[in-house]
Number of protein chains: 2
Amino acid sequence: MEMVIKKDCFAKAVSDVCRAISFKSSMPVLTGIKLVVIENGLVIVGSNSDIFIEKTIPSFADGVKVLDIIETGSVVISAKYLSEIVKKLSGDIRLRVKNESSVTLASDDVVVNFNGFHAEEYPHLPNMMGADYCKVGWLDLVEMIKQTVFAASANDYHPVLSGVCMTFREKYLSIAATNSHRLAFKKIPLVCEINNNVIVPSKTLHELIKLLNNETEDIHIFITENHIGFKANNVSLFSRLIGGIYPNIDGLLSQQCKTSITLNKNRFLKGIDRACLFASEWKNNNVHIEMQGGIELIISSAATEVGKIRETQPVLKVDGDPEFKITLNGDFLVSALKVIKEDNVIMYFNGHMRPVLIEPVGNSSYYYLISPVRSN
Amino acid sequence: MEMVIKKDCFAKAVSDVCRAISFKSSMPVLTGIKLVVIENGLVIVGSNSDIFIEKTIPSFADGVKVLDIIETGSVVISAKYLSEIVKKLSGDIRLRVKNESSVTLASDDVVVNFNGFHAEEYPHLPNMMGADYCKVGWLDLVEMIKQTVFAASANDYHPVLSGVCMTFREKYLSIAATNSHRLAFKKIPLVCEINNNVIVPSKTLHELIKLLNNETEDIHIFITENHIGFKANNVSLFSRLIGGIYPNIDGLLSQQCKTSITLNKNRFLKGIDRACLFASEWKNNNVHIEMQGGIELIISSAATEVGKIRETQPVLKVDGDPEFKITLNGDFLVSALKVIKEDNVIMYFNGHMRPVLIEPVGNSSYYYLISPVRSN
């Protein structure tokens with residue numbers, strides 16, 4: 001195997017596939033990057049065995065030759081060292097592999113010898129042949145993920161809740177995420193051949209967003225029994241799915257509501273954020289929300305020793321009972337309000353021990369449920 | 001005590017004095033910020049008992065009224081909560097103190113109540129009355145500090161070496177820093193009334209640089225038996241000195257030299273930086289430097305399992321023996337080369353077991369010594 005490649009192009013691709021790699025993997029070959037030179041390009045793969053990222057560099061990019069293929073072949077070399085050294089070089093990079101224990105990378109007057117691994121030792125990518133698939137706009141997908149994934153459980157006590165539930169139906173795609181104390185849900189219309197719901201690890205979606213940061217095209221999503229694949233131009237991410245049954249969320253939306261209020265989203269977010277400061281010593285970030293007489297909302301919290309905060313905010317609109325009092329986890333509120341783009345939000349209250357529903361005004365594709373905190 | 005103050009002005013000052021504060025101090029009053037409203041301004045103090053930072057806000061800044069004093073007085077309130085909440089407010093801030101347990105901070109519709117401390121409990125600033133002092137240009141002082149302080153010991157095994165030695169003489173100021181394996185030294189001409197040398201904690205100088213980041217005027221330096229003070233317009237930093245005798249460094253500069261070579265600084269820095277990558281598994285970051293025949297310098301290093309790197313660099317000028325070989329701590333080299341601004345450096349070699357001296361070409365005010373590493 002032998003090739004000459006533009007430094008910037010190689011560095012970017014190596015850095016991208018490194019996202020999937022755990023440098024401390026107990027399987028030595030997985031601490032490496034797999035490089036495969038084929039007839040018309042270079043394929044680079046990184047993996048932690050749960051997630052695979054594959055990037056293809058064709059010989060020409062935007063009409064400019066970036067890769068000169070001298071001999072096809074493959075090898076695996078240390079991801080950590082390769083990604084670092086490539087950043088620190090300046091000229092074109094020549095990579096030559098005699099065998100896996102004699103890999104030479106040269107650029108200007110710098111010569112690096114790597115002890116590599118045989119590419120055959122590297123795990124195979126999940127087989128997506130014949131998988132169901134659908135196509136979704138990149139920006140739509142990113143927004144869906146950003147508006148939901150934060151609500152999943154941050155720990156692995158309930159593996160199912162550490163992932164998000166993606167539901168593919170004939171005419172829509174939805175994503176739900178919950179840690180059992182709050183739930184975020186988003187649904188978009190989509191013409192879709194898949195009829196399935198799968199639980200995708202949160203980490204997979206976080207990595208996907210970072211990986212495809214600058215892509216603006218459509219993404220193809222593939223689903224098999226155990227894997228999901230996301231494919232864009234020249235880059236793919238494959239991930240294991242989480243097994244198990246996701247909680248049924250259909251019954252959670254109450255048909256009743258005692259009070260609904262409309263608030264300016266940014267002002268409300270800032271108020272809750274301030275209250276969170278004094279709530280930070282409490283396990284549930286207890287922030288108290290109260291309305292008296294239906295004109296103003298009172299937001300307050302207290303730290304035992306340091307002091308307390310209280311502020312009033314105008315309510316744009318009230319329906320139902322104009323008096324209520326509830327204690328919510330301030331951090332859960334802040335994280336939802338941050339991902340809502342609309343100017344105003346509606347909150348639906350149903351008593352101080354029932355979940356609160358939050359929706360952006362004028363956009364019924366998103367909702368957020370939050371359970372109250374028992375407060376003294 | 002009562003005042004109304006512009007938010008941005010207050011937030012900046014609070015954030016600056018917070019640099020001195022340890023939020024986990026075992027002395028509760030030191031987790032607070034001391035606020036003193038005097039006739040014509042507000043004085044803010046933060047401290048961890050070793051370092052004090054004092055900032056004064058006059059009623060007018062650049063001809064604009066920023067502070068309205070209603071009643072003089074003083075109080076100490078939680079630094080962590082005050083600094084965070086002030087950032088999150090938008091309007092002017094009214095602070096009113098009835099007594100230390102009833103401090104009210106109000107801005108727009110937000111009201112915060114603090115339980116404060118009595119200002120009398122706060123430690124006094126070091127007394128600088130009658131202290132020797134001198135005046136030094138801010139940019140000169142910052143450069144001196146940046147070129148030396150990194151060379152001090154990062155741990156406290158030898159307290160003296162965790163600080164830097166500042167020597168004030170009639171016509172100059174010098175700073176030396178060493179961890180016993182490398183030494184950085186800088187000297188500038190200065191008309192100076194102090195005749196003394198003191199050991200200043202590295203942390204003090206790191207904080208000083210950050211604190212006075214945007215100041216471009218002169219700094220007054222005050223010295224007493226146990227303290228050093230740095231004063232600029234409206235801001236002062238005071239610090240304890242480290243007791244003990246600093247090692248005598250006068251005899252370290254050898255009069256002899258077997259070989260001296262001149263190198264392009266940036267190219268050499270990049271080469272050593274690349275070699276450091278493969279040297280990182282070694283305790284001393286073993287980087288090998290070798291010259292054969294006086295034309296090229298060979299830089300190399302090796303990681304046991306992953307591989308090795310080797311590069312050649314042109315030597316601009318050679319004096320003395322054209323053959324040598326030495327192993328140095330690559331990180332020590334990189335940190336020195338990074339703070340040298342000149343285009344070229346001279347390195348003086350005196351055998352593979354003797355310290356190497358590095359000087360910028362055309363600037364004898366700075367030098368750096370580095371002991372070789374024993375290598376197999």
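The values are calculated or read from the model by the stated rules, or taken from the named source; none is laboratory data. Computed from a prediction, not measured in an experiment: that's the story for all the values here. FYI the Cβ positions are ideal-geometry reconstructions off the backbone, even for glycines, and counts take in every protein chain you see. The accessibility values were calculated without ligands, DNA or RNA, using every heavy atom of the protein model including side chains. Shrake-Rupley method; radii C 1.70, N 1.55, O 1.52, S 1.80 Å.
Miscellaneous remarks
- As a summary of the residue check, residue A:304 satisfies the conditions (1) of a type outside the set (Gly, Ala, Ser); (2) away from chain B (no Cβ under 14 Å); (3) over 30 Å from residue A:187 (Cβ atoms) except for the one numbered (2).
- Residues that are in a strand (DSSP E or B) and within 14 Å of chain B (Cβ to nearest Cβ), drawn from segment A:227-278: A:263, A:264
- For segment B:262-269, the criterion of a residue being closer than 23 Å to residue B:178 by Cα and open to solvent by 10 Å² or more (accessible area, probe 1.4 Å) is satisfied by at least one position.
- In the condition set (1) in a helix (DSSP H, G or I); (2) modelled with pLDDT under 95; (3) open to solvent by less than 60 Å² (accessible area, probe 1.4 Å), residue A:134 is compliant with all but (1).
- Residue that is most open to solvent (accessible area, probe 1.4 Å), among those in segment B:142-171 that are among the hydroxyl-bearing types (Ser, Thr, Tyr) and in a helix (DSSP H, G or I): B:162
- Residue in segment B:260-278 that is assigned by TED's automatic domain parsing to the domain that holds residue B:345 and over 22 Å from residue B:369 (Cα atoms) present: yes
- Residue that is most open to solvent (accessible area, probe 1.4 Å) [pool: residues in segment A:210-227 that are free of Cβ contacts under 8 Å to residues at least 60 places away in the same chain and within 19 Å of the chain's Cα centre (by Cα)]: A:214
- Residue in segment A:211-225 that is in a strand (DSSP E or B), more than 15 Å from residue A:175 (Cα to Cα) and polar (S, T, N, Q) present: no
- Of all residues making up segment A:108-119, the number that are within 37 Å of the chain's Cα centre (by Cα), within 9 Å of chain B (Cβ to nearest Cβ) and either closer than 10 Å to residue A:32 by Cβ or touching a residue at least 12 places away in the same chain (Cβ under 8 Å) (or both): 4
- Restricted to segment A:67-85, and to residues there that are more than 12 Å from every other protein chain (Cβ to nearest Cβ) and open to solvent by 20 Å² or more (accessible area, probe 1.4 Å), the residue that is nearest to residue A:118 (Cα to Cα) is A:74.
- Residues of segment B:279-294 that are part of a loop (DSSP other than H, G, I, E, B) and either touching a helix residue (DSSP H, G or I) at 6+ places or on another chain (Cβ under 8 Å) or β-branched (Val, Ile, Thr) (or both): B:285 alone.
- Segments classed as strands (runs of 3 or more DSSP E), wholly inside segment B:317-376, with at least 1 members that are open to solvent by less than 10 Å² (accessible area, probe 1.4 Å): B:324-329, B:344-349, B:356-360, B:366-370
Per-residue answers, yes or no, for (1) in contact with a Lys or Arg (Cβ under 7 Å, 6 or more places away or on another chain); (2) open to solvent by less than 10 Å² (accessible area, probe 1.4 Å); (3) more than 10 Å from every other protein chain (Cβ to nearest Cβ):
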{"residue": "A:38", "(1), (2), (3)": "no, no, yes"}
{"residue": "A:47", "(1), (2), (3)": "no, yes, yes"}
{"residue": "A:87", "(1), (2), (3)": "no, no, no"}
{"residue": "A:106", "(1), (2), (3)": "yes, no, no"}
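- Meets criteria (of a type outside the set (A, V, I, L, M, F, W, C), at pLDDT 95 or above and either part of a helix (DSSP H, G or I) or closer than 20 Å to residue B:230 by Cα (or both)) for residue B:174: yes
- Number of residues in segment A:1-32 that are outside any helix (DSSP H, G or I) and either closer than 19 Å to residue A:212 by Cα or modelled with pLDDT under 95 (or both): the value is 9.
- Sole exception among (1) surrounded by fewer than 23 Cβ atoms within 10 Å (Cβ to Cβ); (2) within 12 Å of chain B (Cβ to nearest Cβ); (3) touching a residue at least 24 places away in the same chain (Cβ under 8 Å) for residue A:139, by number: (2)
- Residue among A:251, A:229, A:244 that is at positive phi and small (Gly, Ala, Ser): A:244
- Residue A:117 being surrounded by fewer than 18 Cβ atoms within 10 Å (Cβ to Cβ), outside the structural domain of residue A:239 (by TED's automatic domain parsing) and aromatic (Phe, Trp, Tyr): no
- The residues in segment A:295-316 that are touching a strand residue (DSSP E or B) at 6+ places or on another chain (Cβ under 9 Å) and assigned to a loop (DSSP other than H, G, I, E, B) can be counted, and the count is 5.
- The single condition among (1) in contact with a Phe, Trp or Tyr (Cβ under 8 Å, 6 or more places away or on another chain); (2) in a strand (DSSP E or B); (3) closer than 20 Å to residue A:31 by Cβ that residue A:55 does not satisfy is (1).
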